[in-house]
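Below is one structure, written out as structure tokens; comments come after it.
Every number here is computed from the coordinates shown, using simple stated rules; none is lab data. Predicted, not measured: the structure shown is a model, and the values here were computed from it. No Cβ is skipped: glycine too gets one built from the backbone with ideal geometry, and neighbour counts run over all protein chains shown.
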Amino acid sequence: MTLTRRTALAAAAATLAAPAVLRAQQVRELTFYYPIAIGGPVPRIIDGYCEAFQRESGITVKPVYSGFYGETLTKAVTAIRGGTGPHFSVLLAAELHSLRDMDILAPIEDIDNSAETKAWLSGFFPAFMANSLAEGKTWSVPFQRSTSIYFYNKAMFREVGLNPDAPPRTWAELVDAGKKLTRREGAGGRWGVQLATNHGTAQWTFGALCNQVNHTLMNEAGTEVYFNHPRAIEAASFWRDMAFTHQITPQGVTEWAVLAPNFLQGTAAMIWSTTGNLTNVRTNASFEFGVAGLPGKEAPRTVVGGGNLYIFKNANPAERQAVLRFARFLTSPELAADWCIKTGYLAVRPDAWETEALKRYTAEFPPALVAKEQLPVATGELSTYENQRVYKALNDNLQALLTGSKSAQQAMADAQAEADRVLRPFRRG
């Protein structure tokens, strides 16, 4: 789908349905920090949206491409505290509690609480709003959102006698398929399945594994975690067993960045990845591949992830209004559909899936529907106060688990103890 003038005008029409106060701004330029966490033409796409918005509104939006999510967060916070911060940024949805604690956010209701804005906010998928809401207010807008899914090589499935149209749905099926697909000898070596275990990603993978045994890792307030719960230990044990007992996935640390290249090069038969890699894999795979919801202990379950759009308090009131106008433009049905088609990230609103463009695309390429169909069995991403410190506590111990230096029980007990220490000041009563 090309971002045509018709598409831009349709998006603008949705924007101009906003209250008059949004249409009368004198703001001429906005700056936002944008994370580049996957390969592909994302900067070019974002540049195109900004240019389309400028043509329709007269407001220039200048994106600053600032590395991965963690790097973008650090740069944004540093700039804000130094008095030169961006007006808004796309950051991990899971950073909600940490960003609120920094007192740098402007909630949507404080910018505009009109019926039109309330109706717009009510139009997002509820699963994506889970990391947006706190204390009765909306602190971010879903945009670059995904679920964890898995990609599998259908040719390899056929080669080892597996049904390419019946990918694993349970842990037992995953282990069975992984054993058949893994080759540890010769130049044609490959792993049955690969999951990311590096800092910054391991906690996302682990959130999916825990959901697969019907366990949630934190409370809604972001003040408690449940790492040493028996079900969390069960999830950790299964991950360790895949590497050490079943030997279908590598031991040690597997970087997020190698998953898609390994899959495309044939050294991994299955990878757990993001919907945001869908277009990349479709464009570059030289073989027939499938897409499926992550297997669970008994049935598929997954985790949502990705980035939301946050508006910062350092923007003046007129600038906040202008950012909100851009957010409505960016999440209009037409642009949300365009974004989904071009990147593989999910369109975050049901009405986007009713556009003719997205209907045609999913009819032509049904795998694009898999992630959307997983939303009813998805859990929110791990999100707490002092999020990065809690992530580090968990990820350090997950890596110890996967290098063999700790048992599942010890790793989860140690992660719990450190997270409790970090979160203790945020508990009331």
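A few notes on this one:
- The order of the peptides 320-326, 233-239 by mean Cβ neighbours within 10 Å, most packed first, is 320-326, 233-239.
- Under-5 Å amide H pairs with Thr138, H placed in peptide plane, nonlocal only: Ile108, Glu109
- Karplus-derived HN-Hα couplings along the stretch 112-129 (A = 6.51, B = -1.76, C = 1.60, θ = phi - 60°), whole Hz, x at Gly and Pro: 7, 10, 6, 4, 5, 5, 4, 5, 4, 5, 6, x, 8, 4, x, 4, 7, 7
- For the chain, built as a Gaussian network whose Cα springs stay under 10 Å, the top-fluctuating residue of Ala292, Ala134, Ala415: Ala134
- For Leu91, distant residues with modelled amide H under 5 Å away: Asn308, Tyr310
- In Hz, Karplus ³J(HN,Hα) per residue of the stretch 412-420 (6.51, -1.76, 1.60; θ = phi - 60°; x = Gly, Pro): 6, 5, 5, 5, 4, 4, 5, 5, 4
- What the phi angles of the stretch 289-301 give under the Karplus curve with 6.51, -1.76 and 1.60, with θ = phi - 60°, is a coupling list of 10, x, 10, 8, x, 4, x, x, 4, 10, 6, x, 8 Hz, glycine and proline written as x.
- Count, lysine Cα pairs under 20 Å in the chain, 8 or more residues apart or across chains: 14
- Size check on the chain: the Cα extents along the three principal axes, sorted descending, read 65, 55, 32 Å.
- For the stretch 52-151, average projected area of the Cα convex hull in nm²: 8.5
- Beta bridge orientation in the chain: antiparallel %, DSSP, nearest 5: 70
- Electrostatic dipole magnitude of the stretch 285-410 [Cβ: Lys, Arg +1; Asp, Glu -1; Cα centre; debye, to 20]: 420
- Helix axis angle, 69-81 relative to the chain longest principal axis, alpha carbon, degrees: 40
- Helix 42-57 vs. the chain, principal-axis angle (Cα, 0 to 90°, nearest 10): 20
- Cα centroid separation, the stretch 396-429 to the stretch 148-203 (Å): 29
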